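The values are calculated or read from the model by the stated rules, or taken from the named source; none is laboratory data. Computed from a prediction, not measured in an experiment: that's the story for all the values here. Every residue, glycine as well, gets a Cβ built from its backbone with ideal geometry; the counts of neighbours run over all protein chains shown.
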Amino acid sequence: MYGLIGLFSAFMDTISFLLLRKLGFFIFLSNFISVNIGICISFILNTYINFKKTTAIKKRAVCFFLIGYLGLALSTFIIWIEINHFYLSEIISKIMSVLIVAIIQYLANKFITFQEK
């Protein structure tokens with residue numbers, strides 16, 4: 001289930017990113033906004049559908065968003081490296097960053113955010 005939710009959240013993140021870029025937003029602002037959209041969707045779906053852990057929701061939300069923002073920082077760094085040093089396209093860079101960050105965030109959220117207390 002986490003994988004499906006992750007794919008959906010990553011899809012919404014990527015689509016939002018492309019739409020914002022098409023509207024003329026700066027690349028890193030587009031990434032910031034789209035990642036936040038993905039984090040919100042992912043937290044809501046994982047909380048209520050996947051992990052079904054609605055206790056300590058504020059604490060879990062803070063943890064989830066902190067992990068998400070660490071992912072945002074890593075994603076931004078990956079995109080910057082891939083575009084400026086490997087000369088990859090924006091969309092390829094975005095997709096690669098989403099895949100790398102998703103694995104790291106899954107592990108962090110499974111073992112930190114949604115662990116049994």
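Give me a count of the residues in segment 10-54 that are in a loop (DSSP other than H, G, I, E, B) and not aliphatic (A, V, I, L, M).
7
What are the residues in segment 70-96 that are of a type outside the set (A, V, I, L, M), touching a Ser or Thr at 6+ places or on another chain (Cβ under 8 Å) and in contact (Cβ under 8 Å) with a residue 60 or more places away in the chain, if any?
K94 - this is the single residue of segment 70-96 that is of a type outside the set (A, V, I, L, M), touching a Ser or Thr at 6+ places or on another chain (Cβ under 8 Å) and in contact (Cβ under 8 Å) with a residue 60 or more places away in the chain.
Of all residues in segment 13-71, which are of a type in the set (V, I, T), farther than 26 Å from F111 by Cβ and in contact with a Leu (Cβ under 8 Å, 6 or more places away or on another chain)?
I33 - this is the single residue of segment 13-71 that is of a type in the set (V, I, T), farther than 26 Å from F111 by Cβ and in contact with a Leu (Cβ under 8 Å, 6 or more places away or on another chain).
Of everything in segment 70-94 that's of a type in the set (V, I, T) and loosely packed, with under 15 Cβ neighbours inside 10 Å, which residue is farthest from T14 (Cα to Cα)?
Step by step, filter segment 70-94, then rank; the result is I81.
Of the conditions (1) within 25 Å of T55 (Cα to Cα); (2) at pLDDT 95 or above, L4 fails just one. Which one is it?
The single condition L4 does not satisfy is (2).
Condition first: of a type in the set (S, T, Y), assigned to a helix (DSSP H, G or I) and farther than 22 Å from C40 by Cβ. Now tell me which residues in segment 66-99 satisfy that.
S93
Count, please, the residues in segment 95-117 that happen to be charged (D, E, K, R) and either more than 24 Å from K58 (Cβ to Cβ) or surrounded by 12 or more Cβ atoms within 10 Å (Cβ to Cβ) (or both).
Adding up the residues that qualify gives 1.
Using the structure shown, decide if K22 is within 17 Å of F8 (Cα to Cα) and of a type in the set (D, E, K, R).
Considered against the rule, which asks whether it is within 17 Å of F8 (Cα to Cα) and of a type in the set (D, E, K, R), K22 comes out as no.
Considering only residues that are hydrophobic (A, V, I, L, M, F, W, C) and in contact (Cβ under 8 Å) with a residue 12 or more places away in the chain, look in segment 49-69 and name the one that is nearest to L7 (Cα to Cα).
Across segment 49-69, the extreme among qualifying residues is I49.
Would you say F32 is crowded, with 17+ Cβ neighbours inside 10 Å and in contact with a Lys or Arg (Cβ under 9 Å, 6 or more places away or on another chain)?
Spelling it out, it is not the case that F32 is crowded, with 17+ Cβ neighbours inside 10 Å and in contact with a Lys or Arg (Cβ under 9 Å, 6 or more places away or on another chain).
Go through the residues of segment 75-86 one by one and say whether even a single one is over 20 Å from N109 (Cβ atoms) and in contact with a Phe, Trp or Tyr (Cβ under 6 Å, 6 or more places away or on another chain).
No, every residue in segment 75-86 fails to be over 20 Å from N109 (Cβ atoms) and in contact with a Phe, Trp or Tyr (Cβ under 6 Å, 6 or more places away or on another chain).
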